[in-house]
Structures are given as structure tokens and as C-alpha cells.
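Engineer: Have a look at this one before I ask anything.
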Amino acid sequence: MLAVVLAGLLVVMAPNAFADTSEVTLDAEIVNSPDKGWYASGDTVELSAILSNDGDASSITVDPSCNQILRVWSSNSVVFDGADSCLGQSRGMDLDADSSITLDTLSWDLTDSNGDYVPSGDYSIEYFIAGEELSSTVNIHVQTPSVVPDGLDFQVTVTARDGVHAEASPSIITARLHNTLDQEMPLDFGNCKLSINSQLFGMCGPSSLSANQIVTIAQIPISIESGENLISISLGDNVLAKEVSIIAVEDDDLGSSVGNLEDLSVELILEEGSSFGESDLLISDINMKNTGLQNVSIDFTTSCRGEIWIVNSAGEVVMDSRSLKECSELDVQNMLSPGSVRGFAQPDWAFIGTDGCLVGPGVFTVIAEIPEHDLFSTSTIDLSRGSVSNCQSDTIEITAELSGEEILQIVPEIFNPIEDEITWLSTCDLEITLVGAEGELGRILTHCDNTVTLTTRFTSLELDSVEFDMSAQDDGEYTLFFSTFSDPAVQSTINFEWPMLLDEEIVENNSQEVEDIVSSIVVAGTWSSTNTELGVCWLLNSPDEGIITLAGAPGLTAWSPEMGSTGQYLIHESDPAPECSDFAATAFVVEEVYSQESFVSSEETQDEAAITPEVIQEQKEISPVVITIGMVVASGGILSILGALIATNESWRIPTTSAGLWILGLIGRTSETSDGRYQRGRLMGYLTANPGCHFRALMAALEMSNGQITHHLKVLENEESIWRRSDGRLVRFYPFTSHLHPGIMEEDLPLPPLSPDPNSLQGKILRLLDDDGNMKKYPTQAELAHRLDRSQQLVSHHLRTLQKFGLVEKQKTGVRNRYRLTREAVFLLDTTEM
């Protein structure tokens with residue numbers, strides 16, 4: 001009976017204990033919202049809430065372990081849930097009739113459940129009473145830092161119509177992203193927006209950028225004040241932030257008005273829509289409309305009342321209607337009643353820029369303005385074009401590396417020294433035409449899978465290689481014509497001889513390349529001659545150069561050598577004369593005779609004086625004088641041949657010179673001097689930096705005579721400071737170290753250095769690299785070819801040779817190989833005159 005009574009009491013009391021909660025509401029609002037209107041990293045979202053009961057007394061269920069919580073949503077996904085801290089407890093909360101309770105202020109620091117910043121975007125924050133289905137939601141926008149890959153450049157320009165920013169007149173901010181790498185760059189900006197002085201515009205960029213691509217992400221019109229204006233621009237939450245300072249002149253417009261100018265709107269009217277193609281005209285008008293409820297009267301003092309100007313995606317002014325007509329003075333008043341429209345016709349535009357060239361395809365911003373009253377609006381138009389520009393670039397050129405035997409291999413490279421932009425059309429990129437004596441022989445198109453226009457910026461860009469079959473072509477001169485399908489157009493030609501010289505034909509023996517470099521030197525010596533089957537071979541015995549053979553003197557018709565005469569001559573190396581071809585000695589051509597003295601012996605003078613017209617007795621014996629002369633001539637010829645062989649073979653030349661010095665007593669009887677120690681110090685320093693340098697190269701580099709260098713080398717060898725190894729006709733010297741010793745394998749020896757003639761192409765390359773290196777500049781192969789006025793394939797060959805001999809090294813910078821001197825080359829240049 002007691003249980004029945006209690007149950008009845010509960011039924012009676014239930015309507016009071018569990019009143020209708022439909023009258024209970026929860027209202028949340030943001031506290032201390034940021035002035036910029038959105039949240040960034042470091043900001044905290046604060047929400048307060050009021051729980052109201054507009055009906056009878058009531059009770060709700062709450063979770064005392066957490067009371068109120070925040071739950072953050074992105075679309076339909078929860079990114080942060082404060083209920084994770086609740087324990088699932090339950091407790092009642094009484095609410096008086098017509099009452100309200102201010103709940104705790106809750107905050108969110110823009111992080112997800114893992115403590116990481118949430119991505120940029122829109123979020124819904126739900127203020128939630130745990131244990132009861134009561135909540136209130138507010139919406140916010142968040143910008144958090146985006147991950148920016150290396151090589152991404154953010155560029156900002158601000159454009160005025162005539163280059164002068166003026167108060168209240170429109171200026172255009174152009175924001176662009178540039179991929180400076182030679183490979184595709186993936187981007188993940190999410191819902192990042194461009195921030196200009198804390199105002200958000202558009203998206204931060206595309207999902208990826210092609211190699212070297214540059215894109216315009218926004219063009220925003222602004223109106224500025226007179227004086228200095230600071231504009232802060234960034235990608236979302238201060239990523240790649242830029243600050244631009246603009247100086248604006250005061251507004252000098254003379255137009256006056258009556259009424260509210262803010263009621264007037266300006267609109268660009270296009271006759272054929274906003275998309276244009278080949279041969280289309282931009283036909284437009286400007287409409288000015290009174291959108292208010294009162295009349296507006298405006299006065300004009302010039303005939304240029306409504307005008308347009310257009311900027312391309314790079315922020316450059318390509319059209320200005322005021323440049324197409326004369327703005328004359330006038331005095332006119334226009335009255336616009338509510339809803340009325342006043343139109344201003346604009347000149348037709350054929351998409352020809354201010355430079356007379358067809359503008360490149362892309363998106364353009366059109367500014368329509370009423371200049372005298374600072375009213376303006378902007379619109380965008382789109383131009384697509386497949387034909388190349390009618391103008392060519394004056395600075396961009398195409399070079400190519402050519403190689404091959406039966407197949408001509410071409411590796412084209414575009415050289416862009418001042419980094420002009422190139423817009424590639426939605427066709428092919430490059431056309432290469434091969435032309436011979438009989439006309440066009442072939443044509444190849446590359447990169448013909450383009451479906452969209454692409455704007456790039458680079459210093460040099462290596463394109464895909466192509467091939468021409470030359471097996472059926474005759475030897476001779478050919479021309480390659482290169483032409484791009486781009487804006488601006490780039491056209492170049494390259495002439496070449498076929499067949500091309502192979503590397504082994506250019507360099508027969510790298511170890512003797514120094515010997516092949518033509519240079520003029522001054523030598524002194526004594527003349528002798530010997531008879532061969534083809535004639536008389538003249539030999540010059542020089543203290544510095546040894547015995548060398550005369551190849552000719554084409555510029556000295558009145559001069560000839562004389563037996564026994566001594567002189568000083570300006571010479572350069574050459575191929576030997578036929579009569580001296582059997583000798584292994586160096587041949588030379590005489591360019592100029594500085595001095596020459598004939599030798600006449602006293603015995604010959606006395607013999608000539610003793611000759612009388614008397615009858616000469618016949619003698620049965622041969623005269624001793626004749627015998628002596630015959631022996632001298634015979635021995636002279638033999639010694640000349642031996643001398644020539646010794647002079648050209650360093651393995652014989654060095655011991656022979658040492659023996660001669662010993663005979664003359666220049667080694668054994670000469671006391672040591674400080675100069676000798678100094679010269680050997682120079683020699684050791686040079687060999688340490690240039691191990692493997694051969695005998696003649698050492699003579700030239702250190703400017704020592706044959707005798708000097710032989711003496712000092714012998715002393716250093718006796719001291720076991722250096723050691724030698726034969727290399728064909730050459731003898732190479734190495735410093736004696738733990739890493740360089742006579743037991744080292746041939747393939748482990750360092751490559752021997754070169755000592756190029758400063759007037760040779762290799763010498764000029766070294767000097768250019770030295771000069772550029774002092775300014776921390778390192779040129780590309782194309783830049784060197786351009787500055788030296790030589791073909792790129794020739795410069796490429798010499799660069800490879802200099803690399804092989806350890807004088808030049810290359811380093812990859814983006815898509816380009818840049819060249820610089822090695823430390824050994826710097827030492828070589830510092831210790832020799834080049």
C-alpha cells in the first residue's frame with residue numbers, strides 16, 4: 001500500500017519537477033573580437049553565454065565534471081571537442097521562472113584535438129551544456145600559417161595609370177607567385193586568403209606551379225591618401241609578408257558636384273562579353289548610374305569625362321584611352337536623377353600594347369573611371385591567342401649544344417639575361433628548322449602537348465633535345481633556325497660545319513695540349529744547318545728552348561739565317577718544314593728579327609789573305625784544313641740531330657742538361673745562395689698546387705731557364721722532396737708526400753695541370769672566370785660564349801678540357817650549370833702572368 005501511495009505522489013509531482021524545457025534557451029556571443037574581423041595564430045576566441053528560462057520554473061540535467069564545453073566544427077567534421085574531458089556524471093540544475101544565468105566564458109586557441117593549428121578556413125564554434133541538449137553556435141574565419149616550399153617567391157607591384165600615384169585615384173596592387181626552381185612545385189594553401197592591410201581577398205594561390213612558372217593571384221584596386229602610404233601584404237597569417245611604401249600626390253581634380261557622389265556607380269559595359277580571341281576587338285562603354293533617391297549634379301572641365309585603362313597580369317599598363325585622343329578643355333554639367341544613367345563611349349581596342357606589339361594572352365584588369373570625380377570600378381577580361389607575337393625579344397636568345405656523327409644531336413637552351421617573362425602559347429613551344437645549301441632539310445616541333453598558356457621567368461632554360469639524321473647529307477655548312485611559339489617571340493640562328501669535330505679530333509693528346517697552344521715568344525740562339533733528302537734544315541740552338549727547327553719566315557722576305565750567326569727572334573710554334581720533318585724537335589716560324597750577328601773566324605780571314613795568284617802546287621795529301629772543316633760539319637750535323645732529339649724528349653733533356661752543368665762546374669762548385677733556396681721554395685709551392693706539371697710547363701710558369709730549372713729539380717730530387725715519372729715524351733714531377741710517392745698506381749695520380757696561353761681561348765676563359773669570381777659571379781656556358789663571341793659548342797669543349805685538368809669546376813644552380821675556378825687555377829693565375 002505504501003509503494004502505491006509513493007508512486008501516486010511522483011505522478012502528481014512530475015509536471016512541476018520536469019517542466020517543459022522548450023522555453024529554456026542558450027545564447028553565446030564572441031567577446032573581444034579582433035578589429036580585423038578574423039583570427040590568426042596567437043589569437044584566442046572567447047565565447048560567453050547566457051542561459052535563459054522564459055517559462056515556468058524548470059530543471060535541466062548537467063554534467064558536473066565539465067559543466068559547459070566548446071565544440072569546434074569544420075563543415076560537418078569536429079576538429080575540437082571539449083566533451084572529451086567529461087566523465088559522464090549527471091546532476092540537476094533548477095531554473096526559476098523567467099530567469100537567466102550568465103555562464104562561464106570559454107576560450108579556444110585555434111588548435112585541434114592534437115594541439116596543432118587548424119588549417120585556414122571557416123569554423124563553427126558550439127557552446128554546449130554537457131548533459132543537456134542545449135547549445136549555441138557562432139561562426140568565425142581563421143587564417144593560420146601555411147607551409148611554403150623553398151624556391152617560392154612572392155612579388156608585389158603597385159601600378160598607377162601614368163606612373164604617378166595620386167590621392168583618391170585608383171592604384172592597382174598586383175600579387176604574384178614565382179616558382180624559381182626548374183621542377184614542378186606542389187602547393188597546399190588550403191583556404192588561405194591574401195591579406196592586404198588585414199583585409200582578406202581571394203585565395204593565396206593554385207595547387208601547384210610548373211617549373212619557372214609565375215602566376216598572378218590577385219589584382220586589387222585601392223584608393224590612397226596624399227603623402228606616404230604603407231601597405232602590408234601577405235599570404236594569410238603573415239606568410240611571405242611584404243610592406244610597400246607609396247608616395248601619393250595631392251588630388252588636383254577641378255570637377256565639382258552637388259549631391260551625394262556615393263550614390264553614383266560606375267560600370268564597364270562590354271558589347272561581346274568578357275572573353276576574347278584572335279582578331280577580336282574590345283568594344284566598351286562606361287555607364288554612370290544614380291542609385292540614390294536624390295538628384296546628383298556633376299561638372300566637367302575636360303572632354304575626358306569617362307575613361308578606361310588596362311593592366312596585364314604583370315601589372316603593366318597596356319592600354320590607356322587618354323593616350324588615344326586629346327583631352328580638350330570644356331565646361332559642361334550633367335544632372336542625374338534617381339535611376340538615370342549617363343554613358344561614355346570608349347575607343348575600340350585591338351589588343352595592341354603601348355609598345356605597338358600584340359599583348360600576350362591572359363587575364364587583364366580594366367579600370368573604368370570618372371577621373372575628375374574619383375569614381376571608378378574594375379572588371380576583368382580574358383584573352384586567348386594561339387599565334388605568336390608580332391614583336392621579337394631584343395634580349396632573349398636561343399643557343400644550342402651540337403654533337404654527333406651521323407645523327408645531329410641538338411640541346412637547345414634559352415638565354416634570358418635580364419629575366420624577361422615569356423608566355424608560352426597553348427600550342428608547341430619551339431620550332432627547329434635545318435637548312436642546307438639546297439634549302440630546308442627538316443623541321444621539328446617540341447612540347448606540343450600544351451593545353452593552356454603558361455608564363456615563365458628564368459635566366460636560362462634548357463629544353464628537350466632533338467635529333468636530325470645527317471647520314472645522307474653532304475659535308476658543308478648548315479644552319480639551324482630556332483623560333484618559339486611565345487610572347488614575345490624568340491628567334492635565333494646557328495651556323496655549323498658538318499661533320500662536326502669530335503673531342504678526340506680536337507684534342508689528340510690532352511697531356512700535350514699545352515704544347516699545342518700557339519703563342520709568340522722571344523728566343524736567342526745560334527744557327528746551324530744540316531742536309532736532308534729534301535734540302536737544308538736550319539737549326540737554332542737556344543739556351544732556353546734547346547734545339548728547334550726553322551719552319552719559315554713568311555713575313556721576312558729579305559732575311560735568311562746564316563751558319564754560325566747569333567741573334568734574338570720573335571717566334572711561334574708551327575708544323576715543321578718538309579726538310580726538317582724527320583726531326584722530333586719543335587718547329588717554329590720567325591715573326592720578327594730583333595738582332596743578328598754573323599760569325600767570321602780569324603783562321604778563315606788569314607787563309608783568304610794567304611791566297612795568291614801564283615801557281616798552286618798539287619798535293620797528294622788532303623789539306624788538314626779540309627779535314628778539319630769536314631769533321632766540324634759532320635760532327636755539327638750529328639750533334640744537331642742528337643740535340644734536337646734531346647731537346648724534345650724530356651727524359652733525355654734533363655740528364656743531358658745536368659751533365660752539361662756538371663762539366664761546366666756550375667753545380668759542384670757553386671755555393672748555395674738564398675736566391676737558390678727561394679727559387680726551390682717557389683718550385684715546391686707550385687708543384688704542391690699543381691702535381692704532375694711537366695718540365696717545360698714548370699719553366700714557363702716559374703720563368704726559369706733550362707739550366708736553372710734542371711739544377712733546382714736535381715737538388716730537390718736528391719733531397720727526396722720531389723719525384724718524377726715519364727709520360728711519353730714528357731717528364732712529370734710530383735711532391736714527395738704520404739699520398740704522392742713513386743709507388744702510387746698510374747690511375748691514382750692527380751691529373752696534370754695546364755698552363756694555357758693568355759691569348760688562347762682557354763686563357764681567356766680562365767681570365768673571365770677569375771674576374772667574375774672576384775665579384776662573386778659565376779657565368780654559365782651560354783654567358784661565356786656570348787661574351788667571348790664564340791660558338792657555345794667550342795666553349796663547351798674547352799670548359800670540359802679545363803675541368804679535366806682540374807682548373808675549372810661547375811656547380812648546379814637551378815636549371816643552370818655555372819662555372820668557377822678551382823683553387824689550383826687561382827694559384828696558377830696568381831703565380832704566372834696571363
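Engineer: Please report, in Å, the Rg and the Dmax of region 119-165, where both are computed over Cα atoms only.
Structural biologist: Values for region 119-165 (Cα only, Rg and Dmax): 21.5, 66 Å.
Engineer: Ok, one more. Lys and Arg at +1, Asp and Glu at -1: add these up for the other residues within a Cβ distance under 12 Å of residue 41 and post the number.
Structural biologist: -4
Engineer: Based on the Cα atoms of region 517-565, what semi-axes does the equivalent ellipsoid have, where each is the square root of 5 times one gyration tensor eigenvalue, given in whole Å with the largest first?
Structural biologist: 18, 15, 12
Engineer: If you don't mind, there's one more thing I want to ask. Using alpha-carbon pairs under 8 Å, 6+ residues apart, how would you state the relative contact order of region 378-496 in percent?
Structural biologist: 35
Engineer: Write down the radius of gyration of region 20-83 and its Dmax, each obtained from C-alpha positions, in Å.
Structural biologist: Spelled out, the Cα radius of gyration and Dmax of region 20-83 are 15.3, 45 Å.
Engineer: Now a separate question. Residue 165: accessible area at probe 1.4 Å, nearest 10 Å²?
Structural biologist: Number for this one is 30 Å².
Engineer: Could I ask something else about it? How much length would be gained if the chain were fully extended between residue 59 and residue 355, taking 0.36 nm per residue of separation minus their Cα-Cα distance, in nm to one decimal?
Structural biologist: So the chain would gain 98.6 nm between residue 59 and residue 355.
Engineer: Let's see if you can work this out: charge +1 on each Lys and Arg Cβ, -1 on each Asp and Glu Cβ, no other charges. What is the dipole magnitude of region 27-84 about its Cα centre, in debye to the nearest 20?
Structural biologist: With only Lys, Arg, Asp and Glu charged at Cβ, the dipole is about 200 debye.
Engineer: Could you grab the relative contact order for region 172-223? Cα pairs under 8 Å, six or more apart, rounded to a whole percent.
Structural biologist: Answer for region 172-223 is 53 percent.
Engineer: For residue 812, go through the lysines and keep the ones whose alpha-carbon is under 24 Å away, minus same-chain ones fewer than eight residues off.
Structural biologist: 764, 776, 777, 804
Engineer: Something else: Quick check: residue separation of residue 566 and residue 31 times 0.36 nm, minus the Cα distance between them. What number comes out in nm?
Structural biologist: 182.0 nm
Engineer: Then there's this: Evaluate region 22-169: find the radius of gyration of its Cα atoms, find its Kirkwood radius, and give the ratio Rg to Rh.
Structural biologist: Result for region 22-169 is an Rg/Rh of 1.18.
Engineer: Could you give me the ³J(HN,Hα) list for region 388-400, computed from phi with Karplus coefficients 6.51, -1.76, 1.60 and θ = phi - 60°, whole Hz, x at Gly and Pro?
Structural biologist: Values per residue, Gly and Pro as x: 6, 5, 7, 10, 10, 6, 8, 10, 8, 9, 10, 10, 7 Hz.
Engineer: On to the next question. Over 20 Å, how big is the tail of the calculated P(r) for region 235-316, in percent of all Cα pairs?
Structural biologist: 62
Engineer: I would also like to ask the following. For region 212-253, what is the accessible area per residue in Å² when the probe is 1.4 Å?
Structural biologist: Heavy-atom accessible area per residue stands at 49 Å².
Engineer: If you don't mind, there's one more thing I want to ask. Could you compute how much accessible surface residue 682 exposes when probed at 1.4 Å, giving the result in Å² to the nearest 10?
Structural biologist: Approximately 70 Å² of residue 682 is accessible to the 1.4 Å probe.
Engineer: Taking a 1.4 Å probe, which of 243, 133 shows the most accessible area, and what order do the others take after it?
Structural biologist: Sorted by accessible area, descending: 133, 243.
Engineer: I would also like to ask the following. Tally Lys and Arg at +1 and Asp and Glu at -1 over the other residues with C-beta under 11 Å from the C-beta of residue 107: what net charge comes out?
Structural biologist: Computed value for this residue: -4.
Engineer: Related question: I'd like the accessible area for residue 427: 1.4 Å probe, protein heavy atoms, all chains in place, Å² to the nearest 10.
Structural biologist: 50
Engineer: Provide 741, 712 ordered by accessible surface of protein heavy atoms (probe 1.4 Å), highest first.
Structural biologist: The most accessible residue leads, giving 741, 712.
Engineer: With an 8 Å cut-off on Cα pairs and a minimum separation of 6 or more residues, tell me the relative contact order of region 313-392 in percent.
Structural biologist: 27
Engineer: Would you mind getting the Kirkwood hydrodynamic radius of region 768-809 from its Cα pairs, rounded to one decimal in Å?
Structural biologist: It is 10.6 Å.
Engineer: Continuing with this model, one more query. Using 0.36 nm times the number of residues separating residue 168 and residue 472, minus their current alpha carbon distance, what extension gain do you get?
Structural biologist: Gain on stretching residue 168 to residue 472: 102.4 nm.
Engineer: Take the Cα coordinates of region 311-434, assign each an equal point scatterer, and use the Debye formula without solvent to give log10 I(q)/I(0) at q = 0.22 Å⁻¹.
Structural biologist: At q = 0.22 Å⁻¹ the computed log10 ratios are -1.45.
Engineer: Moving on. Leaving ligands and nucleic acids out of the surface, order 322, 823, 443, 680 by accessible area at 1.4 Å, largest first.
Structural biologist: 823, 443, 322, 680
Engineer: How high is the FRET efficiency from residue 720 to residue 390, r the C-beta distance, R0 60 Å, rounded to 0.05?
Structural biologist: The computed FRET efficiency comes out at 0.20.
Engineer: Grab the other residues whose beta carbon is less than 14 angstrom from that of residue 285, score K and R as +1, D and E as -1, and report the net.
Structural biologist: Within the 14 Å Cβ shell, the charges total -3.
Engineer: Explain nothing, just the number: dipole magnitude of region 98-170 about its Cα centre with +1 on each Lys and Arg Cβ and -1 on each Asp and Glu Cβ, in debye rounded to the nearest 20.
Structural biologist: So the magnitude is around 360 debye.
Engineer: Cα-Cα pairs above 22 Å in region 208-283: how many percent?
Structural biologist: 61
Engineer: Can you grab the distance from the C-alpha centre of region 767-791 to the C-alpha centre of region 305-360, Å, no decimals?
Structural biologist: Cα centroid of region 767-791 versus Cα centroid of region 305-360: 48 Å apart.
The values are calculated or read from the model by the stated rules, or taken from the named source; none is laboratory data. Please read these numbers as outputs of a predicted model, since none were measured by experiment. Glycine gets a Cβ as well: all are built from the backbone with ideal geometry, and neighbour counts include every protein chain shown. Please note that ligands, DNA and RNA were not included when accessible areas were found on the heavy atoms of the full protein model with its side chains. Shrake-Rupley method; radii C 1.70, N 1.55, O 1.52, S 1.80 Å.
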